[in-house]
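The values are calculated or read from the model by the stated rules, or taken from the named source; none is laboratory data. What you are looking at is a predicted structure, and each value in this text was computed from that prediction instead of being measured. Positions of Cβ are backbone-derived with ideal geometry, glycine not excepted, and every protein chain shown enters the neighbour counts.
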């Protein structure tokens, strides 16, 4: 069984931007290198399973998400976890999700944007 560890800020609803009556949240995603960065990848999926964003290790990217529920999927191609690499998802310098893939080939980390749902 895959082991995952992460923190999530409860009741997150700070610093929302409003555009056409919908909250559009600028999100920063940081994924560190760890010991085997070539094995690491990640995806952000919506509740339908659609991949909205994806990337690898050693990145600091900024994306925008509408209100809703999402999944950060951590992937390790070798299947032994992220070996020291971590991820952090934040907005306006407020961490909403962080963690690592302790073991296995993938792990799902759910989070909600704007605390609407």
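Inspect all residues belonging to the range 30-43 and state whether any of them is outside any strand (DSSP E or B), loosely packed, with under 14 Cβ neighbours inside 10 Å, in contact with a helix residue (DSSP H, G or I) (Cβ under 6 Å, 6 or more places away or on another chain) and at pLDDT 95 or above.
The initial filter retains those residues of the range 30-43 that are outside any strand (DSSP E or B), namely 32-39.
When the remaining residues are screened for being loosely packed, with under 14 Cβ neighbours inside 10 Å, the result is 35, 38.
The next check asks that each one be in contact with a helix residue (DSSP H, G or I) (Cβ under 6 Å, 6 or more places away or on another chain); those that pass are none.
The answer is no; no qualifying residue exists.
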Filtered residues of the range 90-114 (kept if surrounded by fewer than 19 Cβ atoms within 10 Å (Cβ to Cβ), more than 13 Å from residue 70 (Cβ to Cβ) and in contact (Cβ under 8 Å) with a residue 24 or more places away in the chain): 90, 92, 94, 95, 98, 102, 103, 104, 105, 106
Total residues in the range 69-89, condition buried (at least 16 other Cβ atoms within 10 Å of the Cβ) and farther than 10 Å from residue 107 by Cα: 8
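Yes/no matrix, rows are residues, columns are (1) within 15 Å of residue 36 (Cα to Cα); (2) assigned to a loop (DSSP other than H, G, I, E, B); (3) under 14 Å from the mean Cα position of the chain (by Cα):
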site: 54; (1), (2), (3): no, no, yes
site: 63; (1), (2), (3): no, no, yes
site: 72; (1), (2), (3): no, no, yes
site: 75; (1), (2), (3): yes, no, yes
site: 84; (1), (2), (3): yes, yes, no
site: 90; (1), (2), (3): no, no, yes
site: 100; (1), (2), (3): yes, no, yes
